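The values are calculated or read from the model by the stated rules, or taken from the named source; none is laboratory data. In this text, all values refer to a predicted model and were calculated from it rather than measured experimentally. Cβ placement follows ideal geometry from the backbone for every residue including glycine, while neighbour counts extend to all protein chains displayed.
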Amino acid sequence: MQDILKKIDLEKLKKITLKQIKLFRKNSKKYLQTNILFSAFVISSLINVTLLRALTIGNSFAIYPIIADLAILLIIGSFGYYIKAPHQFKYFFSLAIVVTALTIVNSMYYTNYLSFSSVSLFATSSQIVDVADAVVQNVMRPKDFVFLWQIPMLIYVNQLLKKRDYYNKVYKIEKRVTRAVNTLIVGVVLVGLFISTLNAVDISRFSKQWNREYIVLRFGILTYQVNDVYATLRSKISPFFGYDSSSKLFREFYEENLKEPKKNKYTNIFEGKNIILIHAESIQTFTLDAKFNNQYVTPTLRKLSQEGLYFSNFYSQEGVGTSSDTEFTLSTSLMPSSSGTVFVNYFNRDYITMEKQLKGKGYYVASMHGNNGSFWNRKVVHQYFGYDRMFAFPDDYVLDETIGLGLSDMSFFDQSIEKIKDISQNNDKYMVKLITLTNHTPFTDIERISNFEVDYKYERINEETGETEIVSAPYLEGTLMGSYMKSVNYADFALGQFLDKLEQEDLLDNTVVIIYGDHDARIRRSEYLRYFNYDPYTDTILPKEHEDYQAMDFYQYELNRKVPLIIWSKDKKLRHEVKTVMGMYDVKPTIGNMFGFHNPYALGNDIFNLKDNLIVFPSGNWLTNSIYYNTSKDEGFALKQEVISLEYIEEQKRKAEQILGVSNAIIVHDLQKGLLNKE
């Protein structure tokens, strides 16, 4: 009897199951038939954002960012159902344009900066006009436009649906509010499901927004952009909120890390001397050793590095603000802002700057730039930072010779000589910063004036004549790297001419020249592969299996981004190479010790008081003498053949988080206000 009942129950269950399957199929078929436009938008958008990750960070099949992106698409797409079917295309097409533009912009941005763009950069969008050639030549790639397929695809779908009178048919049967609510609920459920997978580290990094690559890797590009919009808006109103917690973070950090002045052999070595700071655009350290056909690319910088203090493992710590971030970190020994740029978003703060401290010691402080003073808002920012005067185009420089973005370095330096001479005659001591321009990307304009050859010449026997002849292999000619080398060579020559003229005018007496590269050149890894692995005899790149092949993976590329820092004086030849890793935020404490000023709130250190050092990058990655640590991947690259303990790594991770957090708190909430007067 029980067997019969079980059989009946099974038959009944089978019928119910089959009925539910048929009903599901029917409803699914009906849903797909009446939601073609919505489905086309969601699927095409999901493909594009997934393709973006594949072409940048490469985690195209990771399930978590797909869930997050799908949830966002369902939520924003659900509102389209509130629009009548015949007019829905306008809504979904507009969203598709936004998604397509977002993927293109981020693809281009990642190519150049190995990070993802921020809406806060729209505040400086007018500068794109000035660097349009750089954008076209260095940033745009054919792959950046593969995302455009979404637009014609949706247009085609729309035309097809119109021919089938789809919209009118759907309009008659569509329960718009019901579909909108149901779709929204599915999106919210996916959000809840995604949130349940997060851990404390994910949430912390998401809220701080420092490590953009990690956020896109874990949360997807759409979630990142939504969070970025929130973070940007928060930056406008956050000075009114969160002050207490930021102030507490500030106090606790400096209870442990307030810098006390320490003496070393360089203490006050240059006190009272004039300072000429040269902001060397896009010059990287590897160019100091580069040579072609036994001719060095940078003979001037090499000479200065051998005669002065040369910091050969020095890294810029700039973020999206590039050169302006470098200026900010140099002046304050703070990190760049986590949202936007200080020069645009947070310039009107009372920072403890090097310029203010030098003025406190009786220095006249000026800056000079051959570009427009409004670029990066410099004209305004330099006043807040403590400069007495900014000399800039068009008020103070004549555009008599142009290369690339504007006034050539040769003309800029020549026109600056008289200005420095006048400052010297009217002031007991001074600091002048000169911001160069010619070596700015895209580099290619230098080709019309440079005669520096970047080919590879070698001897061979002519098979017909039997005589020895000189043969030229192309090597870097016609490449972006080749143009960069020629541009660096020109910048180096202009610098040499400038120093010679300073000497002729007796302006190098009692003066210290400090030269720093503002950031790397952002040249693609493929260019380095040709530079390091060229075979002139076959005009090809060595295969990976070759014993002389030099790889250029993520870590090697990042480590190669270091820039030169040289402190040189005609009167005192120090002749010393400093190999300890050093960041831009270490410059102010280091030269402050030499010139007799001190900032206890600096995040960097006097490099001569350290055996090991921690450099924190805006991405959250960090570097010491022992290891480069990739926070996104939670892995490190050892720089020495030694055991690196987990305790060491965890301690450096903790310090890096602290530095990023307290720096942003200072910037947002103006926490250094009034502190300089108390020193």
(request) Grab the helices (runs of 4 or more DSSP H) fully contained in the stretch 321-437, keeping just those with 3 or more residues being buried (at least 21 other Cβ atoms within 10 Å of the Cβ) and of a type in the set (Asp, Glu). (result) none
(request) Could you tell me which residue of the stretch 527-568 is surrounded by the fewest Cβ atoms within 10 Å (Cβ to Cβ), considering only residues that are in contact with a Gly (Cβ under 7 Å, 6 or more places away or on another chain) and farther than 23 Å from Phe292 by Cβ? (result) Trp568
(request) Under 7 Å between Cβ atoms, at least 6 apart or on separate chains: pull out the pairs that start in the stretch 275-295 with a residue that is over 25 Å from Lys572 (Cα atoms) and end on any residue that is hydroxyl-bearing (Ser, Thr, Tyr) and crowded, with 18+ Cβ neighbours inside 10 Å. (result) Glu281/Thr436; Ser282/Thr441; Thr287/Thr298
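Residues in the stretch 170-192: is at least one more than 30 Å from His87 (Cα to Cα) and in a helix (DSSP H, G or I)?
There is at least one residue in the stretch 170-192 that is more than 30 Å from His87 (Cα to Cα) and in a helix (DSSP H, G or I).
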(request) Would you check which residues across the stretch 546-566 are modelled with pLDDT of 95 or more and more than 26 Å from the chain's Cα centre (by Cα) and list them? (result) Tyr549
(request) Consider only pairs whose beta carbons are under 8 Å apart and that are at least six residues apart or on different chains; among these, list those whose first residue lies in the stretch 585-604 and is within 13 Å of Thr353 (Cβ to Cβ) and whose second residue is in a helix (DSSP H, G or I) and modelled with pLDDT under 95. (result) Tyr601/Leu675
(message) On the basis of being surrounded by fewer than 21 Cβ atoms within 10 Å (Cβ to Cβ), modelled with pLDDT under 85 and not β-branched (Val, Ile, Thr), does Phe61 make the cut?
(response) yes
(message) Six or more apart or on different chains, Cβ atoms under 7 Å: show the pairs whose first residue is in the stretch 428-449 and under 15 Å from Ser323 (Cα atoms) and whose second is of a type in the set (Val, Ile, Thr) and part of a loop (DSSP other than H, G, I, E, B).
(response) Asn439/Ile283
(request) All but one of (1) more than 25 Å from Gln295 (Cβ to Cβ); (2) charged (D, E, K, R); (3) surrounded by 18 or more Cβ atoms within 10 Å (Cβ to Cβ) hold for Asp492, so report the exception by its number. (result) (1)
(message) With without any contact (Cβ under 8 Å) to a residue 60 or more places away in the chain and assigned by TED's automatic domain parsing to the domain that holds Asp518 as the only criterion, which of Gly360, Gly370, Gly308, Gly321 stands out?
(response) Gly321
(request) Output the number of the condition that Val157 fails; it satisfies all remaining conditions of (1) at pLDDT below 80; (2) outside any loop (DSSP other than H, G, I, E, B); (3) buried (at least 18 other Cβ atoms within 10 Å of the Cβ). (result) (1)
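Listed here are the residues, each with its yes/no results for (1) assigned to a helix (DSSP H, G or I); (2) in contact with a helix residue (DSSP H, G or I) (Cβ under 7 Å, 6 or more places away or on another chain).
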| position | (1), (2) |
| --- | --- |
| Gly58 | no, no |
| Phe61 | no, no |
| Ala71 | yes, yes |
| Lys90 | yes, no |
| Leu102 | yes, yes |
| Asn106 | yes, yes |
| Phe116 | no, yes |
(message) Is it the case, given these coordinates, that Lys162 is at pLDDT below 85, part of a helix (DSSP H, G or I) and out of contact with any Leu (no Cβ under 6 Å at 6 or more places or on another chain)?
(response) no
